[in-house]
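What follows is calculated from the coordinates using simple rules that are stated; it is not laboratory data. Everything numeric in this text was worked out from a predicted model, so none of it was measured. Every residue, glycine among them, receives a Cβ derived from its backbone with ideal geometry; neighbour counts consider all protein chains shown.
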Amino acid sequence: MKGVLPVAEDLSALAGSTIVFDLDGTLVETAPDLVGTLNSILADEGLAPLGLEVARPMIGHGARALMLRGFEAAGIPYPQARDQVLFETFLARYDARIADESHPFPGVVEALDALAGAGARLAVCTNKPTNLSVSLLDALGLASRFAAIVGADAAPTPKPDASHIVETVRRAGGDLTRAVMVGDSATAAAAARAAGTPLVLVSFGYTATPAADLGPDVLIDHFDALVPACARLLAACPAGA
């Protein structure tokens, strides 16, 4: 079923489920700090900073890809010979400012509370390094809400491989047949399809392809719609019937 689902009166299907979230562009608007870090790297090269609206669509494929796209947008090729130094510099600077301007998207905290209150386990499955993911969520006061936070370095193979979701659900103590993936991009969509989990995509994340074109089971424009969406998807699963 596509589109925002109506509020479900019965949320019992959420009990014992695992709701798995992507991080950047799904739970947290991290673009200001990621772009700020990119601009500090560009400034070192004597290049002008990129505006947030210009650089935001470049996010979602890791620090190296962001720098590559950033240098190209600034008009010069990415200096591959200094790749490792630039990568390490980026990570160190980003870690130092990880939540200066980043913030949960509207309705995230309330949705997490409602899901947990209905008996769902919560987990994060992100291609961001685990240490940075934990640091970000801890700085925002959200880390303790998640039974597992699994970055790309902690997965057998990161998204879009199914094993990333499988490992995240396992670490959370959940059951893959009672899980829902919530993300914003083609990477999350492909991983969910490979793992056989229902898929909710947000319309406001970091993706070159509009989320509506990625075939989500449900597309939401605000976290107000997440809880009933997950309940309906889980109730429709054979294991939740």
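How big is the Cα convex hull of segment 31-96 in projection, averaged over all directions, in nm²?
One quarter of the hull surface, i.e. the mean projection, equals 3.9 nm².
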Mind jotting down the distance between the C-alpha centroids of segment 110-159 and segment 54-107, whole Å?
21
The local net charge around Leu214, scoring Lys/Arg +1 and Asp/Glu -1 for residues other than Leu214 whose Cβ lies under 10 Å from its Cβ, equals -1
Using the crude model of +1 on Lys and Arg Cβ and -1 on Asp and Glu Cβ, and no other charge, please compute the dipole size for the chain relative to its Cα centre, in debye to 20.
560
222 nm mean residue ellipticity, helices alone, for the chain (DSSP H n ≥ 4; -39,500 (n - 2.57); rounded to 500)
-12000 deg cm²/dmol
Work out how far the C-alpha atoms of the chain reach from end to end along every principal axis, then list the three figures in whole Å, largest first.
59, 30, 30
First select every other residue whose beta carbon is under 12 angstrom from the beta carbon of Ala186; then total the charges, Lys and Arg +1, Asp and Glu -1.
-1
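Can you tell me what the convex hull of the Cα atoms of segment 17-138 projects to on average, as an area in nm²?
7.7
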Most to least packed among 123-135, 84-96 [average Cβ atoms within 10 Å]:
123-135, 84-96
Rounded to the nearest 5, the percent of antiparallel DSSP beta bridges in the chain equals 10
